[in-house]
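Heads up: the structure comes next, in structure tokens.
The values are calculated or read from the model by the stated rules, or taken from the named source; none is laboratory data. Being a predicted model, the structure only gives us computed values, none of them experimental. Cβ atoms come from the backbone with ideal geometry, glycine included; neighbour counts cover every protein chain shown.
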Ligand SMILES: Cc1cc2nc3c(=O)[nH]c(=O)nc-3n(C[C@H](O)[C@H](O)[C@H](O)COP(=O)(O)OP(=O)(O)OC[C@H]3O[C@@H](n4cnc5c(N)ncnc54)[C@H](O)[C@@H]3O)c2cc1C
């Protein structure tokens, strides 16, 4: 009898989607590739920011995962309630599935409810539903103060809140409401995109401040008083707002914690080059991982890293299954667009594993990079489906 293998991929976001596609191409059809996600649709999250300013509709940035079945990828839509990394098994809505290899790509869990008043007092633009709700409120917002806030220093896409503030500021200009709307940005972290180095961080800060956005770093939110529309920070400072858009706290999904996959960092430790966990043939990729860097900050959580992790893991599993080719390693490369509004974006890229600090080159905002992001979005949603 032929030795057929099953690869279980947990999560159909960036990392899971790429792993499933690449593995399916690399290993013969008699081996199974199973992808499990609670959501019916894959969402291209970088475009959520364009949802908030009416540049995209939810259907423009979503694709049904079930489309992957025509390629020979089995899709299970359901809630993963348990992970058994020792035996490579999972439970999905009460049914057990097992595999020979397991790729954990469950991302980061958002926990806005851990900050009193945040859920009721503001809009979570890190979810499709939240971005849509914010868009509707923003469309009716004609005057007052918009506050954009990060709840903790660690969140996915370190550029996103800065981009959000700049895109919304530009949108208020476009609607000729600029004289009536003030934009303020409060962040828990000491500056934008700190992992990219002080020079790049200052460059992004300047982009923000040149737009007239008031920027207040190192403001750790403690609670929101919904009735008085007031944010209270841990320093005791208080700020009023008229409309609030927030990045919620992030944490490892609880099922990943319960499976004993997490260390004291709160995330899943992996070999930073192969994404192997401490369990044999169990890999973790993307936002769920905690990869410390020499400078004392972790590798940022971003789709670009989940994507490159997936390439390495798909390749190495295929080498193990087929016995053909050589294993490969992730080298720390990453890149990112930074939308600033008005059809322009900056771009940064480089080696995040460089020591003692990452080597990141930042390119000034231009139309070229904005079009680059649009092209990337279109290609993403066609290439993988
Ligand atoms: C507003 C915004 C803008 C962004 N912009 C950029 C950008 O410009 N560039 C960039 O590189 N990154 C960007 N990102 C970050 C990027 O989207 C994430 O880093 C990336 O999606 C991480 O990929 P992942 O595969 O690790 O996790 P995810 O893409 O989050 O996928 C995790 C999947 O697991 C599923 N899941 C979780 N728990 C369960 C469960 N118990 N049962 C079943 N399914 C489950 C989820 O439904 C989800 O589909 C942005 C994010 C946001 C919110």
When residue 357 is run through (1) touching a strand residue (DSSP E or B) at 6+ places or on another chain (Cβ under 7 Å); (2) more than 8 Å from the ligand (Cβ to nearest atom), the failure sits at (1)
For the structure I just gave you, tell me whether residue 326 is within 12 Å of the ligand (Cβ to nearest atom) and in a loop (DSSP other than H, G, I, E, B).
no
Against the condition in contact (Cβ under 8 Å) with a residue 24 or more places away in the chain, outside any strand (DSSP E or B) and surrounded by 20 or more Cβ atoms within 10 Å (Cβ to Cβ), how does residue 48 come out, does it pass?
yes
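Take the residues in the range 263-283 that are within 14 Å of the ligand (Cβ to nearest atom) and either in contact with a helix residue (DSSP H, G or I) (Cβ under 8 Å, 6 or more places away or on another chain) or not assigned by TED's automatic domain parsing to the domain that holds residue 86 (or both), then tell me which one is farthest from residue 6 (Cα to Cα). Outline the logic, then answer.
Going residue by residue through the range 263-283, those that are within 14 Å of the ligand (Cβ to nearest atom) are 267-268, 270, 275, 283.
Subset that is either in contact with a helix residue (DSSP H, G or I) (Cβ under 8 Å, 6 or more places away or on another chain) or not assigned by TED's automatic domain parsing to the domain that holds residue 86 (or both): 267-268, 275, 283.
Details: 267: 26, 268: 23, 275: 19, 283: 14 Å.
Taking the candidates together, the pick is 267.
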Could you list, in sequence order, the residues of the range 290-304 that are in contact with a strand residue (DSSP E or B) (Cβ under 6 Å, 6 or more places away or on another chain) and near the ligand (Cβ under 8 Å from one of its atoms)?
304
Selection status of residue 97, within 13 Å of the ligand (Cβ to nearest atom), at pLDDT 95 or above and over 20 Å from the mean Cα position of the chain (by Cα):
yes
State the number of residues belonging to the range 135-163 that are farther than 21 Å from residue 109 by Cα, out of contact with any helix residue (DSSP H, G or I) (no Cβ under 9 Å at 6 or more places or on another chain) and in a loop (DSSP other than H, G, I, E, B).
3
Take residue 347 and tell me if it is within 14 Å of the ligand (Cβ to nearest atom), surrounded by fewer than 19 Cβ atoms within 10 Å (Cβ to Cβ) and under 19 Å from the mean Cα position of the chain (by Cα).
no
Take the residues in the range 305-318 that are more than 19 Å from residue 354 (Cβ to Cβ) and in contact with a strand residue (DSSP E or B) (Cβ under 7 Å, 6 or more places away or on another chain), then tell me which one is nearest to the ligand (Cβ to nearest atom).
313
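Which is outside the structural domain of residue 244 (by TED's automatic domain parsing), within 12 Å of the ligand (Cβ to nearest atom) and under 19 Å from the mean Cα position of the chain (by Cα), of 103, 148?
After ruling out the rest, the residue left standing is 103.
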Which condition does residue 291 not pass, out of (1) over 26 Å from residue 5 (Cα atoms); (2) over 16 Å from the mean Cα position of the chain (by Cα); (3) crowded, with 22+ Cβ neighbours inside 10 Å, if it passes all the others?
(2)
I'm told residue 167 meets every condition in (1) assigned by TED's automatic domain parsing to the domain that holds residue 36; (2) within 13 Å of the ligand (Cβ to nearest atom); (3) in contact with a helix residue (DSSP H, G or I) (Cβ under 6 Å, 6 or more places away or on another chain) except one. Can you identify the failing condition by its number?
(1)
Looking at the structure I just gave you, is residue 27 surrounded by 15 or more Cβ atoms within 10 Å (Cβ to Cβ), in contact (Cβ under 8 Å) with a residue 60 or more places away in the chain and within 16 Å of the ligand (Cβ to nearest atom)?
no
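Scanning the range 32-50 for residues that are more than 9 Å from the ligand (Cβ to nearest atom) and in contact with a helix residue (DSSP H, G or I) (Cβ under 6 Å, 6 or more places away or on another chain), which turns out farthest from residue 253 (Cα to Cα)?
Going through the range 32-50, the residues more than 9 Å from the ligand (Cβ to nearest atom) turn out to be 32-35, 40, 50.
Adding the requirement that they be in contact with a helix residue (DSSP H, G or I) (Cβ under 6 Å, 6 or more places away or on another chain) leaves 33, 35.
Values: 33: 23, 35: 17 Å.
Among them, the one singled out is 33.
Look at residue 338 and say whether it is within 14 Å of the ligand (Cβ to nearest atom), over 14 Å from residue 19 (Cβ atoms), free of Cβ contacts under 8 Å to residues at least 60 places away in the same chain and not assigned by TED's automatic domain parsing to the domain that holds residue 161.
Details: within 14 Å of the ligand (Cβ to nearest atom): yes; over 14 Å from residue 19 (Cβ atoms): yes; free of Cβ contacts under 8 Å to residues at least 60 places away in the same chain: no; not assigned by TED's automatic domain parsing to the domain that holds residue 161: yes.
The answer is no for residue 338.
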Applying the selection to the range 77-88, what residues are assigned to a strand (DSSP E or B) and more than 14 Å from residue 42 (Cα to Cα)?
80, 81, 82, 83, 84
Filter result for the condition that a residue is part of a strand (DSSP E or B), away from the ligand (no atom under 14 Å from the Cβ) and outside the structural domain of residue 245 (by TED's automatic domain parsing), over 91, 74:
74
